[in-house]
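Inspection log for the structure reproduced underneath, given as structure tokens.
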Amino acid sequence: MEKSHNHTHGCTHCSCHNPVLDVLKEELFSAENLTKINPGSGKATHEKPQTLMISGGIIRPMIGGSTATVEAIGFADGKVVVTGEKKEVAKYMTKHHPKHQKKELTGTQTLLPGLIEPHVHMVPTAMMHGWLDLSPFEGQNLKSVYDLTSVGTMINNHIPKIPGAVILGRGLDPSLMPFEEVNGKKELITINNTVLDSINHDTPMMLLSASMHTLYLNTKALNYVFDHNTDIRDEYKTVDKYISETNGQLQEGLQMTPALKTVKLQIIAMSIEINRYLTDLFNTANSRGVTFMYDAGLNKGSETLLTKYFETHPELVRTGGAYLCSSQEDVDKLDHYKEPDHYKPVYNGHIKVVSDGSNQGLTGYQSAPYLCNPADNTGVFNFPQTGIPANTIPPGYNTLINTVVAVKGWPLMVHANGDQAVTFAINAYQRTLAQYRGPELRNRIEHCSLLTSDQITNMLQMGVSPSFLIGHVGYWGYAFKEVIFGEKAQMLDLCGSTLAAGMRITLHSDNEVSPLGPLRMMEQSITRIMEKNPKDIEVLNSAERITPEQALIAVTYDAAWQCYADKWVGSLNEGYFADFVILEQDPLSLNTPSLQYMKMRDIPVLETWVDGIPVYVNNKTAKEVTEKNVLFSDNV
């Protein structure tokens, strides 16, 4: 089989296909396994929504995208029924809901609409919850020490006790490890079978990068795969050739799938508890104020699983998503689009197309090579055509985009990280929207990492909005600036410029690429401080910082709009869902870098409500964020 593209290095954080899900899509979603995953039948038992009036503190309903406050708000039957002055709200509630309860916020306690994660991957994240977590994150912060030694210790402390079991790890991220010095130049660390053998050469290990695009194997695992997969034996003939040609770096589905098939039974056994893992995921989301999650890569199997989950479990978060299409055949099968007119769990709002990889994984598709090794690497474009120059948009890609939008009428989310991928996405949108004759669509570019002012103008004119993986700045900005891009890093996540142009933007985590947490995403967009910098507190392109008010709109009102959920959530209009969060402190009150940096993310979430029901209550003693002696460089 001809490979669509070749990688010569580790790839992280593309968030496209989950190879594990691809391998298991028939087995995991079989009738037998769905019965195991969803024992019992019938609807989940739901609490009755509370009839409630809340006043005091700070209440920001975000009506019309305004951050203005009101004195009180009333809820009944799972909906907002009234907002305004306290006496008027009390009068309304007494007349229409005389048995309502009252809740008084105190001091700085702040009520907001439930926060929104507009780009996550729910089923893949939950499915691999049981794998060994080798990510660089502890909560929402980077680990103070994250290198091969710490990863090795973690691996050797979790050797499987079951004979013959393979170490299955996830979230491995070489781009957030200390840089290597190679010929006087900083480089990202390289992970291969030899490096993994130095950690453990006795137990086979398969470690998946956070993007799920690279599978790292030690030599023991390479031997295991060769012995247990006839296709690998037929292709490589000898195990020595398999080892020497892959170096334990299996890229994309073509290389990863044969290896993962050899541990299929182990993966299925670890996935059977996916319902519990989904509940854990939603509990974490609630603890960070999230009441709505939009999946950026649904397929039929994951839709079915999530739908069945919500039939037998309380709805801790509202959910929608985009259906992933990877080929012209996929889009040809699409029905014509109908905008969601009522809410139901896991509704479809967009089609998702993934055009390239990730910048920190060196597979985002670039117009010029990355500064670091391997030499002359411009990344990966997922829809290449033979004979088409690298900087020319392939006709087949245009046809695919045109079919989704102009023919089928679907809103589209295009994953584009590298500057060349962003250029291709914008050009494809321009061509197809010139032919589109339907209602206005909320088309998006996901990540939209590297932009120019001209491209911002083009996007504005087309009505295409960006959703920024803001962790690119906060978590990976230092690696981009120092090793991967140099000055080109100034083009990353241009939140300020896009807002100044009049665009609506959102911020996302791409979980589990980065941790859930809209307050953290707000903080990173406001401060743009590169958290990995070991020597200083330094801002990446201070002109692109946005205000706390703009950041709050991005994770509430505009996020709902971008996800076709603005008729139900994102603000607390009358008739909207009673989905809200109560914080210990108003994030808009943190108005200096020393108050915001590494603190806004930690504002205690006191309560999270969905459908007028408390789904999270913080029983810990809350502490207000205060000014501390944090030294900021002149670059802040």
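Worth a mention:
- Residue selected from segment 526-543 under the condition assigned to a helix (DSSP H, G or I) and among the aliphatic types (A, V, I, L, M), by the criterion most open to solvent (accessible area, probe 1.4 Å): A543
- For segment 301-332, residues that are farther than 13 Å from I351 by Cα and assigned to a helix (DSSP H, G or I) total 13.
- Failed item in (1) over 22 Å from E446 (Cα atoms); (2) touching an Asp or Glu at 6+ places or on another chain (Cβ under 7 Å), with A560 passing the rest: (1)
- Any hit, segment 188-202, residues being surrounded by 15 or more Cβ atoms within 10 Å (Cβ to Cβ), assigned to a loop (DSSP other than H, G, I, E, B) and within 21 Å of the chain's Cα centre (by Cα): no
- Filtering segment 294-330 to residues that are of a type in the set (A, V, I, L, M, F, W, C) and under 20 Å from H46 (Cα atoms) leaves L305, L306, F310, L316, V317.
- Matching residues, segment 194-223, being of a type in the set (S, T, Y) and farther than 14 Å from T246 by Cα: S198, T203, S209, S211
- The set of residues in segment 285-310 that are open to solvent by 10 Å² or more (accessible area, probe 1.4 Å) and not charged (D, E, K, R) comprises S287, G297, N299, G301, T304, T307, F310.
- Unique match (being open to solvent by less than 10 Å² (accessible area, probe 1.4 Å) and in contact with a strand residue (DSSP E or B) (Cβ under 7 Å, 6 or more places away or on another chain)) among V617, V610: V610
- Being farther than 26 Å from N359 by Cβ, open to solvent by 50 Å² or more (accessible area, probe 1.4 Å) and out of contact with any strand residue (DSSP E or B) (no Cβ under 7 Å at 6 or more places or on another chain) is a property that G152 lacks.
- One residue from T94, T110 being polar (S, T, N, Q), at pLDDT 95 or above and loosely packed, with under 15 Cβ neighbours inside 10 Å: T94
- Failed condition for K567, given (1) surrounded by fewer than 19 Cβ atoms within 10 Å (Cβ to Cβ); (2) at positive phi; (3) among the basic types (K, R): (2)
- When residues of segment 155-169 are limited to those that are hydrophobic (A, V, I, L, M, F, W, C) and surrounded by fewer than 16 Cβ atoms within 10 Å (Cβ to Cβ), the one farthest from L265 (Cα to Cα): I159
- There is at least one residue in segment 333-342 that is open to solvent by less than 50 Å² (accessible area, probe 1.4 Å) and at pLDDT below 95.
- Pair list, Cβ under 6 Å, 6 or more apart: segment 373-400 residue over 24 Å from V331 (Cβ atoms) and charged (D, E, K, R), other residue in a loop (DSSP other than H, G, I, E, B) and open to solvent by less than 70 Å² (accessible area, probe 1.4 Å): D376/P369
- If you filter segment 515-542 down to residues that are within 20 Å of the chain's Cα centre (by Cα) and of a type in the set (G, A, S), you find that the one that is farthest from R170 (Cα to Cα) is S525.
- Restricting segment 343-352 to residues that are assigned to a loop (DSSP other than H, G, I, E, B) and open to solvent by less than 40 Å² (accessible area, probe 1.4 Å), the residue that is farthest from E446 (Cα to Cα): Y343
- Taking the numbered list (1) part of a loop (DSSP other than H, G, I, E, B); (2) of a type outside the set (A, V, I, L, M); (3) open to solvent by less than 10 Å² (accessible area, probe 1.4 Å) in turn, F282 passes all entries but (1).
- I243 at pLDDT below 95 and not in a strand (DSSP E or B): no
- Residues (polar (S, T, N, Q) and over 28 Å from the mean Cα position of the chain (by Cα)) located in segment 392-407: T392
- For segment 502-514, the candidate set comprises residues that are part of a loop (DSSP other than H, G, I, E, B) and open to solvent by less than 10 Å² (accessible area, probe 1.4 Å); within that set, the residue that is farthest from V581 (Cα to Cα) is V513.
- Inter-residue pairs, beta-carbon under 6 Å, first in a helix (DSSP H, G or I) and in segment 586-602, second among the acidic types (D, E) and crowded, with 19+ Cβ neighbours inside 10 Å, 6+ apart: Q596/E523; M600/E523; R601/E523
- Annotation for segment 515-525: no member residue is in contact (Cβ under 8 Å) with a residue 60 or more places away in the chain, farther than 17 Å from Q360 by Cα, surrounded by fewer than 24 Cβ atoms within 10 Å (Cβ to Cβ) and not aliphatic (A, V, I, L, M).
The values are calculated or read from the model by the stated rules, or taken from the named source; none is laboratory data. All values reported here derive from a predicted model rather than from experimental measurement. Cβ: placed from backbone, ideal geometry, glycine included. Neighbour counts: every protein chain shown. Heads up: the accessible areas ignore ligands, DNA and RNA and are worked out on the full protein's heavy atoms, side chains in. Shrake-Rupley method; radii C 1.70, N 1.55, O 1.52, S 1.80 Å.
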